[in-house]
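The structure appears right after this line, and notes come after that.
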Amino acid sequence: MEKRYDFKAIEPQMQQLWNDHGVYKFNKAAPGEVYAIDTPPPTVSGSLHIGHLFSYVQAEMIARFRRMQGYNVFYPFGFDDNGLPTERLVEREQGILAKDLPRSEFIETCAATAAKYEDEFKALWQSLGVSADWELCYQTVSPQTMALSQKLFLDLVQKGKAYAKESPVLWCVECQTSIAQAELDSADAASTFNTIPFMVEGNPLHIATTRPELLFGCVCLFVHPDDARYTHLVGKQATVPLYGYDVPILTDEKVAIDKGTGAVMCCTFGDQTDVEWYLTHKLDYRRVMMPNGHIADDVPHIGGMYVTKARKTIIAMLDEQGLLVKSENITHAVQTHERCGKHVEIIPSRQWYIDVMTDREKFLELGDKINWYPANMQNRYNAWVENLKWDWCISRQRYFGVPFPVWYCADCAAPAFASAEQLPVNPLETACEGTCACGCSNFTPESAVFDTWATSSITPQINELAGGPVPMGMRPHAHEIIRTWTFYTIVRSWYHTGGLPWNDLMISGFVLAKKGEKISKSKNNSANDPATLIATHSADVLRYWATNARLGTDTFFDADELQIARRFITKLWNACKFAIGHLEDYAGGDITQPVDKWMVARVDEVLAKAKKHLYDYEIGLARHEIDTLFWHDLCDNYIEIVKDRLYYPEKHGEAERKSGQAALYYTLREVLKMYAIYVPHITEYLYQHFFKQHEGAESIHLLQWAQPAEVDPQLLAFGEQLKEQISAMRKVRSEQNLSRKDPLANYSIDAGEFAAWFEATKKDIAACENVQEIVV
RNA sequence: GGGAGCAUAGCUCAGCUGGUUAGAGCACCUGCCUUACAAGCAGGGGGUCGCAGGUUCGACUCCUGCUGCUCCCACCA
């Protein structure tokens, strides 16, 4: 074997070997229970970062683990290429805006960009040694996925779970589309809290607002029914300042008495509460805000202005006319769109929704039936479901997505749906086939596309097309998309199948750059981008690093920590180099020596412990067990003890040497198999180099872990005592500053109950520690 | 405002259902070129386990309160 392990040459070779032999190919007919993983299809919204690597690698190791326990693993990959994330990327990269281009041209650009990134992503995952079956790869924008997505949408329509309505909806003025509650972020924004007077029967009634530009949208004032200050005003009319029209003064329990002046104006629409009041009090709609963030042209004083300019203008006017009683600088949280970071408005429009409010109790119940790893992540799901306010708006006034298979009757506006045979269909390109119930055969196509989550929420069904089982075994992802991907998928699964989408959820943490800062794609610095890290440090090193953190907990990335992983790879290489050198003539044989039996017992103990952790998705805890076995028991102690016996059979005996070989072979083979899930390249190379001739299988990854034998606790106790004795001898040497070459004088071991075993081992120990004579 | 998680050596963390002198890696100190590995090995120093109570024969571990940090959700006139 070479002195050093050359990962740059070997990692691609091993990947090629897996590919050539179809090592990870899924065969439905193969033996073993099917274990299916619902891989998160990454959105095409920029380059991948270390956080993706961290999260995906952990799930990937579970695939490898299950495979090596005899499961028939269905491990697909996908790309969520449709939707706003890709559109934003294209707009950003090319300096264009979708609305300025012909629809088809923009879609083509998106498709080309998605394809480019998908190749890049796929190359990255392959260079990491991801053991997916790439023939099971899907795209959410492909014709097959589109057809399925449309089909399932029609299923929801039929079941009464998808519907269209004209209603106030969350609206991003930047992306100019409706959005869903799940896509909201919040950000602190500087603002002013302005107190302005409404006149009631000649007396001023002060209200405070941060949105004075919406004054023209004011439809009423509210006070709390128990607020004694205002009881005498309830039911009277108040005059809107600057605009001079009257609105009623009403009461509502939701008014906070201690906020502002305790009286509040209700506009269409300043916030969520306005919407609730609009609905419960059946208020008028007065249009102020347009979909592009500008004020409607017919609004006096500020018509046509962008919202921020309009606000300044109105405040200045109020001030000039002595109507600004107080203006206080404040910082408050505002709702923003997660994709662009711009503030979100509420604007009425006709949109499609999926009913998520009716069955909330059911969704909580379903959450209880899923195994959450770690368990506390279910809290986030519950909090989200309990706090839902809107049905899920799934229509987006965008371009690169799955079209609604819907037209509207030109006469009566009733929707007409595509037939199953037509799918996938783009109503903008294909005419509606039928006639409307009203007799009309003129139709207008729906131009909106699905929310990207409306398609990615059916990944179990997409995978089913490729032969996957439903429910799937496990879904892995990081904790920030519980409210979207997890929730939506549970909803869809319940509606379409009446069951769960998967049995287990494996939730990983984030990789943070420093305290509290999430690594974002835009801040990706080149030294820490995954491709560079792999090229510099190797896939195995990064994979090993990625298993440091506990499942679900966030971790910090520090390139210095990769050194630990690199050290491990070197150690594994050197240990195998030594062992293989002494196993060239290995031909089986009995394990007779007590210390050899101890080593094997330790391996069996760790096999059992590691399995238990890995079935609980605790990859890091499992690795910790294996590390202790490999580094401390095998390298630091066992190899040193058995070394002399392997070198000098004439001194220790041929059978004794064979016993050592057999224990070493078993230990190393099982250690390599355990590490194979973490560092698949170097373990494969070592397998190919030596073990394959004995084991036969084309790849180490086609082997199964040994079934551990019942471990004799006496053997383990003996091993512990043996290590203590050796440590004591080493301490003596160290304290006397002795070289290895200087022999220690006679050493006496108080062996207690293990006298016979120590007696049988004392020659090994003497050679190992260079002691002249050991007395048991 | 509600909820969750975290707080252990200078740094990054492990210590699960309470039980002998609290562990690992990095860093630090000392020694060792030992026929796998100096990118290594051996030995060592270093912690009142965030604070205050409580339960217990016994608490890093369980309970209560507090402090600090992180996250989720809500508020956001």
Hits in segment A:620-664 - residues which are of a type in the set (Phe, Trp, Tyr) and crowded, with 21+ Cβ neighbours inside 10 Å: A:PHE630, A:TYR638
Failed item, numbered, when A:TYR617 is tested on (1) away from RNA strand B (no atom under 15 Å from the Cβ); (2) crowded, with 21+ Cβ neighbours inside 10 Å; (3) in a loop (DSSP other than H, G, I, E, B): (1)
Hey, A:LEU324 open to solvent by less than 40 Å² (accessible area, probe 1.4 Å), in contact (Cβ under 8 Å) with a residue 40 or more places away in the chain and assigned to a loop (DSSP other than H, G, I, E, B) or not: yes
Selection count, segment A:371-428, where residues are closer than 23 Å to A:GLN158 by Cβ, assigned to a loop (DSSP other than H, G, I, E, B), touching a residue at least 24 places away in the same chain (Cβ under 8 Å) and small (Gly, Ala, Ser): 3
Enumeration of residues in segment A:437-470 that are on the phi < 0 side of the Ramachandran plot, open to solvent by 20 Å² or more (accessible area, probe 1.4 Å) and touching an Asp or Glu at 6+ places or on another chain (Cβ under 9 Å): A:CYS438, A:ASN442, A:PRO445, A:TRP453, A:ALA466, A:VAL470
Considering residues of segment A:281-305 that are more than 16 Å from RNA strand B (Cβ to nearest atom) and hydrophobic (A, V, I, L, M, F, W, C) only, the residue nearest to the chain's Cα centre (by Cα): A:MET290
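For segment A:375-413, enumerate the residues that are within 11 Å of RNA strand B (Cβ to nearest atom) and open to solvent by 30 Å² or more (accessible area, probe 1.4 Å). Can you show your working first?
Narrowing segment A:375-413 to residues within 11 Å of RNA strand B (Cβ to nearest atom): A:375-390.
If the condition is that a residue be within 11 Å of RNA strand B (Cβ to nearest atom) and open to solvent by 30 Å² or more (accessible area, probe 1.4 Å), then A:ALA375, A:ASN376, A:GLN378, A:ASN379, A:ARG380, A:ASN382, A:ALA383, A:TRP384, A:GLU386, A:ASN387, A:LYS389, A:TRP390 are the ones that fit.
So which strands (runs of 3 or more DSSP E) are wholly in segment A:219-280 and hold at least 1 residues that are over 48 Å from the mean Cα position of the chain (by Cα)? Walk me through it before giving the result.
Working: elements: A:237-239, A:246-251, A:263-267.
Counting at least 1 such residues, we get A:237-239, A:246-251.
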Residue satisfying all of: in segment A:155-173; open to solvent by 40 Å² or more (accessible area, probe 1.4 Å) and closer than 21 Å to A:ASP274 by Cβ; nearest to RNA strand B (Cβ to nearest atom) among these: A:LYS165
Residue match in segment A:484-496 (condition: within 16 Å of RNA strand B (Cβ to nearest atom), touching a residue at least 60 places away in the same chain (Cβ under 8 Å), assigned to a strand (DSSP E or B) and open to solvent by less than 10 Å² (accessible area, probe 1.4 Å)): no
Yes/no for A:THR209 being of a type in the set (Ser, Thr, Tyr) and under 25 Å from A:ILE330 (Cα atoms): yes
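Please state which one of A:ARG730, A:ARG740 is over 33 Å from the mean Cα position of the chain (by Cα), within 14 Å of RNA strand B (Cβ to nearest atom), of a type outside the set (Gly, Ala, Ser) and not in a helix (DSSP H, G or I).
Values: A:ARG730 fails: not in a helix (DSSP H, G or I).
Only one candidate qualifies: A:ARG740.
So that you can scan it fast, the table gives a plain yes or no per residue for (1) under 14 Å from A:LEU318 (Cα atoms); (2) among the acidic types (Asp, Glu); (3) open to solvent by less than 40 Å² (accessible area, probe 1.4 Å):
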| position | (1), (2), (3) |
| --- | --- |
| A:THR192 | yes, no, yes |
| A:ALA208 | yes, no, yes |
| A:PHE222 | no, no, yes |
| A:PRO225 | no, no, no |
| A:GLY235 | no, no, no |
Contacts under 7 angstrom Cβ, first residue in segment A:613-633 being touching a residue at least 60 places away in the same chain (Cβ under 8 Å) and among the aromatic types (Phe, Trp, Tyr), partner open to solvent by less than 30 Å² (accessible area, probe 1.4 Å) and away from RNA strand B (no atom under 11 Å from the Cβ), 6 or more apart: A:TYR617/A:ILE62; A:TYR617/A:MET506
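The values are calculated or read from the model by the stated rules, or taken from the named source; none is laboratory data. Since we're looking at a predicted model, the values are computed, not measured. Cβ sites come from the backbone with ideal geometry, for glycine too, and all protein chains shown count toward neighbours. These accessible areas exclude ligands, DNA and RNA; they are computed on the full protein's heavy atoms, side chains included. Shrake-Rupley method; radii C 1.70, N 1.55, O 1.52, S 1.80 Å.
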